[in-house]
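Novice: Please find one structure pasted underneath; my questions will follow.
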Amino acid sequence: VNRDGCQSLDLSGNARNCFLTGNPDSYRSFSGKGLRCLLDVPNTEVYRNAHHGSGRFCSQSSQPLRKKIPSLRISSVGQLPHRFPAWSIQIIRSFHTSPSLQAAPVPLFWIIAKPAQKLFAIILGRSIRKWWKALPPNKRELFKESARKNKWKILLGVSSLGVVFVMFYFTHLEETPITGRTRLMVFGKEHFRELSQMEYDMWMDLYKNQMLPETDAGYQVVETIVGHLSESNKDVPEVSALKWVIHVVDEPVVNAFVLPNGQVFVFTGLLDAVSDIHQLSFILGHEIAHAVLEHAAEKASLVHFLDFLSLIFLTMIWAICPRDSLAVVGQWIQSKLQEFMFDRPYSRTLEAEADKVGLQFAAKACVDVRASSVFWQQMELAEAIEGQPKLPEWLSTHPSHENRAEHLDRLIPEALKIRESCNCPSLSGPDPRLIFRLNMRRLLELAEGREAPNSTKQELSKPKLDFAHT
């Protein structure tokens, strides 16, 4: 921290980190021969130097960090700290930086009202169908004739209902903090944060026997990173308004999430999966961005609004379909259309926005933001090695690893300018993205060269490779 109050984070050093995918046998094969890793970037002592800055992105602070962060190293089996064992490929099956369903706690009245609303729509639509079938033919004709005579009145009534929905929508629009994007917000933010306490109690009860103590190295890593990210971005009102509380869960799941009230949950599987402090800092910045941008309340607001609109279509489906079985199919189709046309694309939009803001948070904390896209390339490589099917992005609530890495690559130049405006230490060493690409190319060349002439296609998950020492 210097006279202008801009904190900086020096993530340079001489120690090296490695990213190594494959099963434990292949890991031992690599490390036993002293081979190089797919990712080899400087790491160890962080938060080491403080430099001055006056850029508009920098937070104004006068308090230095209380301690240095422990090194996070992944190099060989014999050198791993007790908290960071060799990475098994099985723990990265699905990395979603927000827990499904529980990530967006919703008001209690919605939990109760949502199924009740659907049940009411089904009963109403079914009753209309039965009433219509029970009408004699002559009364049906009279009803149709009456509808034709009053079509303008009916149209006016429907239009009035549409105007009410439109007015409700536009009167509940607001700007997203930091990005300024216009969004629908039905639920009060403060009320929503209070309700997140219920979810916090649920998670604490679920993992009460797996919480790491504050003295654990993994806990200290997360605590220091979150503390520095929040301190470096305290000029953002939404960041300084929350009290960030750390919880590290001893569970081999590659996951992390932050509740709307600032409760940070990180699983040790994520600590094992990242290659260095830079990647972990970006991921935690991404999660903090979700909380700061109030994505949970925003997503719940949109889903609630769409569900309310869908009640009209649900009633029509049960009224028009001649049999209950067809109505059930129609209801399923309607729900899937809503999911794939609105819910999932919107979730991907929120993830992309959190990536952008999280990258800015990391840049202001002087993190090497170039490592952000490498993490998602590693995740894509790990899934390919394990042979997991590559599903289309439109089937997921998160962007694909490939598109996510490309999106971050487009954002990195701007993030580097933000980092420079805070007078952060210059980035030493080669670009980790270049190193990853070169080692990937070398990996493929060696894999082809080691194939036995008479053998079938060798499994990439068990390569017998050697990297030339550089």
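The values are calculated or read from the model by the stated rules, or taken from the named source; none is laboratory data. Owing to the predicted nature of the structure, the values given are computational and were not obtained by experimental measurement. All Cβ positions, even for glycine, are placed from backbone atoms using ideal geometry, and neighbour counts span all protein chains on display. Side chains included, ligands, DNA and RNA excluded: accessible areas come from the protein's heavy atoms. Shrake-Rupley method; radii C 1.70, N 1.55, O 1.52, S 1.80 Å.
Novice: With among the basic types (Lys, Arg) and under 26 Å from THR179 (Cβ atoms) as the only criterion, which of ARG323, ARG370 stands out?
Specialist: Values: ARG323 fails: under 26 Å from THR179 (Cβ atoms).
Being among the basic types (Lys, Arg) and under 26 Å from THR179 (Cβ atoms) holds for just one of ARG323, ARG370, which is ARG370.
Novice: Give me the strands (runs of 3 or more DSSP E) completely within the stretch 188-282, filtered to those with at least 3 residues that are in contact with a Leu (Cβ under 9 Å, 6 or more places away or on another chain) and modelled with pLDDT of 90 or more, ordered by residue number. Even if it seems obvious, please write down each step before you answer.
Specialist: Details: elements: 245-249, 256-258, 263-267.
Result: 245-249, 263-267.
Novice: If we keep just the residues of the stretch 318-330 that are open to solvent by 40 Å² or more (accessible area, probe 1.4 Å) and touching a residue at least 60 places away in the same chain (Cβ under 8 Å), which is farthest from the chain's Cα centre (by Cα)?
Specialist: Checking each candidate, the answer is PRO322.
Novice: Follow-up. Since MET379 meets every condition but one in (1) more than 16 Å from the chain's Cα centre (by Cα); (2) under 21 Å from PRO392 (Cβ atoms), which condition does it not meet?
Specialist: (1)
Novice: Same structure, new question: In the stretch 435-451, how many residues are touching a Lys or Arg at 6+ places or on another chain (Cβ under 9 Å) and open to solvent by 40 Å² or more (accessible area, probe 1.4 Å)?
Specialist: 3
The rows are residues; the columns are (1) at pLDDT 90 or above; (2) not in a helix (DSSP H, G or I).
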residue	(1), (2)
GLU402	yes, no
GLU406	yes, no
ILE412	yes, no
GLU420	yes, no
ASN423	no, yes
LEU427	no, yes
ARG442	no, no
ASN454	no, yes
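Novice: Here's something else I'd like to know. If I ask for residues that are part of a helix (DSSP H, G or I) and open to solvent by 40 Å² or more (accessible area, probe 1.4 Å), which ones from the stretch 158-187 would you list?
Specialist: Of everything in the stretch 158-187, those that are part of a helix (DSSP H, G or I) and open to solvent by 40 Å² or more (accessible area, probe 1.4 Å) turn out to be VAL158, SER159, SER160, LEU161, VAL163, VAL164, VAL166, MET167, PHE168, TYR169, PHE170, THR171.
Novice: Another question, then. Can you find even one residue in the stretch 188-197 that is out of contact with any strand residue (DSSP E or B) (no Cβ under 8 Å at 6 or more places or on another chain), small (Gly, Ala, Ser), closer than 25 Å to TYR346 by Cα and surrounded by fewer than 14 Cβ atoms within 10 Å (Cβ to Cβ)?
Specialist: Yes.
Novice: On the basis of being touching a residue at least 40 places away in the same chain (Cβ under 8 Å), over 30 Å from LYS234 (Cβ atoms), polar (S, T, N, Q) and in the same structural domain as GLU294 (by the TED database), does GLN334 make the cut? Write out each step before concluding.
Specialist: Working: touching a residue at least 40 places away in the same chain (Cβ under 8 Å): no; over 30 Å from LYS234 (Cβ atoms): yes; polar (S, T, N, Q): yes; in the same structural domain as GLU294 (by the TED database): yes.
Criteria not met by GLN334.
Listed here are the residues, each with its yes/no results for (1) part of a helix (DSSP H, G or I); (2) open to solvent by 20 Å² or more (accessible area, probe 1.4 Å); (3) not assigned by the TED database to the domain that holds ARG441.
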| site | (1), (2), (3) |
| --- | --- |
| PRO345 | yes, yes, no |
| LEU350 | yes, no, no |
| ALA354 | yes, no, no |
| VAL369 | no, no, no |
| TRP376 | yes, no, no |
| MET379 | yes, no, no |
| GLU383 | yes, yes, no |
| GLN388 | no, yes, no |
